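Below is one structure, written out as structure tokens; the observations come after it.
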Amino acid sequence: MSPPCRPEQTLAKASPGFKKAYEMAGGFEALAARLGTHVNTIRYWAHKGVPLNRVLELERLTGIPREELRPDPIWHVAPSSKAQR
């Protein structure tokens, strides 16, 4: 069995927005609880990126723009939360 990863290792590939969400929530466990999902799911998102079907929920929860949470070219199709204000 391998030792558990330290948060800084898990966050190494995370987007700047995800890192902000992690800090705001107070860690993986707290963020998972606020989103109603398992902590391993949140760790996976840190490594692979927030799935498109959950990024808007995370944006609403944290106030961090989707473009920061998931810096994808897809946002030219889905208007920014900034444009909707």
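Tabulated data
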{"item": "Residues of segment 22-62 satisfying the condition of being of a type in the set (Phe, Trp, Tyr) and in contact with a helix residue (DSSP H, G or I) (Cβ under 8 Å, 6 or more places away or on another chain)", "result": "Tyr22, Phe28, Trp45"}
{"item": "Some residue of segment 8-23 being at pLDDT 95 or above, among the aliphatic types (A, V, I, L, M) and either on the phi < 0 side of the Ramachandran plot or surrounded by 14 or more Cβ atoms within 10 Å (Cβ to Cβ) (or both)", "result": "yes"}
{"item": "Selection from segment 11-23 of residues that are within 12 Å of the chain's Cα centre (by Cα) and in a helix (DSSP H, G or I)", "result": "Leu11, Lys13, Pro16, Gly17, Phe18, Lys19, Lys20, Ala21, Tyr22, Glu23"}
{"item": "Where a residue in segment 17-41 is touching a residue at least 40 places away in the same chain (Cβ under 8 Å) and its partner, wherever it lies, is of a type in the set (Asp, Glu), with Cβ under 6 Å and at least six apart", "result": "Gly17/Glu68"}
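The values are calculated or read from the model by the stated rules, or taken from the named source; none is laboratory data. Just so it is clear, the model here is predicted, and its values are computed rather than measured. Methodologically, a virtual Cβ is constructed for each residue, glycine included, from the backbone with ideal geometry; neighbour enumeration extends over all protein chains shown.
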